[in-house]
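The values are calculated or read from the model by the stated rules, or taken from the named source; none is laboratory data. Quick caveat: nothing in here was measured; it's all calculated off a predicted structure. Here the Cβ is made from the backbone with ideal geometry for all residues, glycine too, and neighbour counts use every protein chain on show. Surface accessibility is based on the protein's heavy atoms, side chains included, excluding ligands, DNA and RNA. Shrake-Rupley method; radii C 1.70, N 1.55, O 1.52, S 1.80 Å.
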Amino acid sequence: MKNKLLVFLGAGLLLLITPLIAQYFGNAWVRIIDVAILYVLLALGLNIVVGYAGLLDLGYIAFYAVGAYMYALLSSPHLTDTFPAIRAMFPNGLHTTIILAVPLAAGLAGFFGVLLGAPTLKLRGDYLAIVTLGFGEIVRVFMNNLDAPVNITNGPKGLGQIDSMHVFTFSLGKMTYIGDYALPPVTLYYYMLLALAIASVIICYRLERSRIGRAWMAIREDEIAAKAMGINTRNMKLLAFGMGATFGGVSGTMFASFQNFVSPESFSLQESIMVVAMVVLGGLGHIPGVILGALLLAALPEVLRYVAGDLQSMTDGRLDAAILRQLLIALAMIAIMLARPRGLWPSPEHGKAAPVPATPKQGASA
């Protein structure tokens with residue numbers, strides 16, 4: 001217990017000082033870490049659906065979009081500029097605090113998660129993946145076209161002038177001073193995202209070891225056997241979709257407030273596949289592995305920008321840096337999956353027979 005406590009204290013101290021160290025190399029590095037933690041939140045939510053319940057969801061990014069657009073509409077001047085009735089009710093504009101935004105995003109995304117899960121209860125495997133993929137694309141197309149006849153999402157132009165996340169008068173988008181030491185907004189967002197990530201890990205850990213988590217894993221291993229054992233597979237599947245979607249909704253609010261701008265391009269199919277890759281690459285159903293996979297795949301594209309630029313200059317500009325960067329990411333993913341088929345940090349295998357102890361040969365001395 002003492003060793004575990006020392007490890008936790010050391011890890012906590014390292015997490016607290018990480019952005020302060022990164023600041024010395026520029027705020028861009030802190031921003032990369034922030035985006036990586038944001039993807040950790042998304043991967044933890046998808047892990048509930050894919051890793052625990054075994055439901056392949058390729059439209060998970062839709063819940064991310066729902067949370068982002070909900071916060072954008074409630075924290076930007078778009079609604080008050082478009083609808084005079086809303087401007088009359090809120091003459092100073094809509095400025096949603098984090099206390100209201102996070103529960104609203106979680107509830108709305110969870111509702112959409114149940115809506116997605118309800119018609120797909122009898123689908124499995126590839127068929128479920130195709131339906132969820134279609135749902136994700138439908139949400140993106142809706143966001144792209146809900147600018148006529150009534151302008152709700154502002155279409156492909158997106159929503160800008162979004163407020164930074166704030167609690168009462170304290171805003172994460174303003175420089176904060178502790179004595180003579182300045183904390184820029186990217187560092188403040190780091191601590192907010194870190195708090196949400198720790199809370200998410202605790203929730204996932206408790207779910208995994210609860211009756212609900214064991215029911216999800218039973219459905220993942222064999223749905224027919226789980227139903228025969230008395231598990232209500234319908235309700236458990238809906239709960240998995242709803243719980244996973246809440247993580248996506250909360251992540252979307254943080255993304256919108258962090259970027260101060262959202263558009264349909266941020267919620268493409270490629271993003272959804274990337275989150276699935278994070279879960280699979282790290283290790284299905286294993287929280288530390290999912291975190292590792294999310295951090296690696298979120299930070300790798302940004303770090304490879306520097307490598308791709310040098311390689312482009314070596315070839316006298318014959319290779320495009322963006323294409324070369326994607327190629328390097330793909331090669332890294334292929335190499336990792338070939339070397340570690342079950343993921344970088346897979347969950348411990350259960351159900352194996354205990355090794356039989358070796359018996360002394362007859363005639364051997366005691």
Before we move on, is PHE247 at pLDDT 90 or above, buried (at least 23 other Cβ atoms within 10 Å of the Cβ) and over 24 Å from LEU194 (Cβ atoms)? no
Which one is nearest to GLY12 (Cα to Cα), of the residues in the stretch 171-214 that are free of Cβ contacts under 8 Å to residues at least 60 places away in the same chain and polar (S, T, N, Q)? THR176
Which residues, taken from the stretch 272-307, are among the aliphatic types (A, V, I, L, M) and part of a loop (DSSP other than H, G, I, E, B)? LEU284
Counting residues that are surrounded by 24 or more Cβ atoms within 10 Å (Cβ to Cβ), which helices (runs of 4 or more DSSP H) fully inside the stretch 13-99 reach at least 1? 27-46, 61-74
Members of the stretch 100-130 found to be open to solvent by 90 Å² or more (accessible area, probe 1.4 Å) and not in a helix (DSSP H, G or I), listed by number: LYS122, ARG124
Is it true that SER263 is closer than 20 Å to PHE112 by Cβ, crowded, with 18+ Cβ neighbours inside 10 Å and in contact with a Pro (Cβ under 8 Å, 6 or more places away or on another chain)? yes
Expected output for the stretch 101-114 (first residue closer than 17 Å to LYS237 by Cα, partner open to solvent by 30 Å² or more (accessible area, probe 1.4 Å) and not in a helix (DSSP H, G or I), Cβ below 7 Å, 6+ apart or cross-chain) is none
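Residues are listed down the side, and each one gets a yes or a no for (1) among the aromatic types (Phe, Trp, Tyr); (2) touching a helix residue (DSSP H, G or I) at 6+ places or on another chain (Cβ under 7 Å); (3) open to solvent by 50 Å² or more (accessible area, probe 1.4 Å):
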residue: THR132; (1), (2), (3): no, yes, no
residue: ASN145; (1), (2), (3): no, yes, yes
residue: PHE168; (1), (2), (3): yes, no, yes
residue: ILE178; (1), (2), (3): no, no, yes
residue: LEU196; (1), (2), (3): no, yes, no
residue: SER200; (1), (2), (3): no, yes, no
Out of the residues in the stretch 247-271 that are hydroxyl-bearing (Ser, Thr, Tyr) and in a helix (DSSP H, G or I), which is farthest from the chain's Cα centre (by Cα)? SER257
Restricting to the stretch 202-230, name every residue that is outside any helix (DSSP H, G or I) and either open to solvent by 40 Å² or more (accessible area, probe 1.4 Å) or acidic (Asp, Glu) (or both). ARG209, ASP222, MET229, GLY230
